[in-house]
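The values are calculated or read from the model by the stated rules, or taken from the named source; none is laboratory data. As the structure is a computational prediction, the values presented were derived from the model and not from experiment. Note that each Cβ is placed from the backbone with ideal geometry, even for glycine, and that neighbours are counted across all protein chains shown. Please note that ligands, DNA and RNA were not included when accessible areas were found on the heavy atoms of the full protein model with its side chains. Shrake-Rupley method; radii C 1.70, N 1.55, O 1.52, S 1.80 Å.
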Amino acid sequence: MAPGHVAYGMRASFGTTHVSPEHVVAWERGTHVPDATELTALAAALWCQPSELMGRPRTLLEHRIARGISAEEVARATGLSHGAYLAMEEAGLWDGDKRQSVRLGEVLALPPRDFIAITRLEEELARLLTEAVSTRWQAHIRAIAKLISMDRRDLKAPLQAMEQEYQALMAATLSRAGGTTASGEDGRRYVENIVDHFWSRLPGSTEHPSSSHHS
């Protein structure tokens, strides 16, 4: 399809009457970026999903566009007013409660890592993971599974491996210190990056979940 064909398809079928062949050329060259409405119309004109034209979505707006749903649909699904949701999307700052966050994860089909990042739960996840590796992971697996809405069975191997890794670092630190009180620098560094360690060990943490996710 030539740029003129794409522009015509967008104008004729999707209401983006301002789009010209020059717009399409600019998008192809990367000198301009289509807005949300233009991107949705462009994807439809090219017979593909918006997500196929995007990089990995990160913001609320990008995840919504990638799913090809309207702001009204997200607002309705999460129990927010349209204006309240749009304000959060424009600010890039989700501020819903726990129930609304779960509904957001469902309607946008957020992978666990994106769900935690968008709903600003990384600090809570880091706290639970730190407790899990420094005490007994079995005592914290339920809370972690609930926080990220995953099956506990999928968390057993990653948490067990992380506890062993952390404990090995602490044992090595004590050994180097001759059995006296050690600085625990290696352990501190591990804890500082514990969320990244967790995601790297969790299979499929960046993939879109099934429809049962967050249930």
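Sorted from greatest to least, the principal axis extents spanned by the alpha carbons of region 108-159 come out as 34, 22, 14 Å.
In terms of its alpha-carbon gyration tensor, region 36-86 comes out prolate; a/c meets the 1.5 threshold, and the first ratio a/b outweighs b/c. In angstrom, the C-alpha Rg and Dmax of the chain are 22.5, 77.
Applying both filters, DSSP loop and at most 16 other Cβ atoms within 10 Å, to the trypsin sites (Lys or Arg not before Pro) of region 1-62 gives R58.
Electrostatic tally near S51: other residues with Cβ closer than 12 Å to its Cβ, Lys and Arg +1, Asp and Glu -1, net +1. In terms of its Cα atoms, region 1-99 spans 47, 24, 20 Å along the principal axes, sorted from long to short. Where only DSSP H runs of four or more residues are counted, the chain gives -18000 deg cm²/dmol as its mean residue ellipticity at 222 nm, each run worth -39500 (n - 2.57).
Neighbours of G83 by Cβ distance under 12 Å: Lys/Arg scored +1, Asp/Glu scored -1, total -3. Entry comment: accessible area of the chain is 57 Å² per residue, from protein heavy atoms only and a probe of 1.4 Å.
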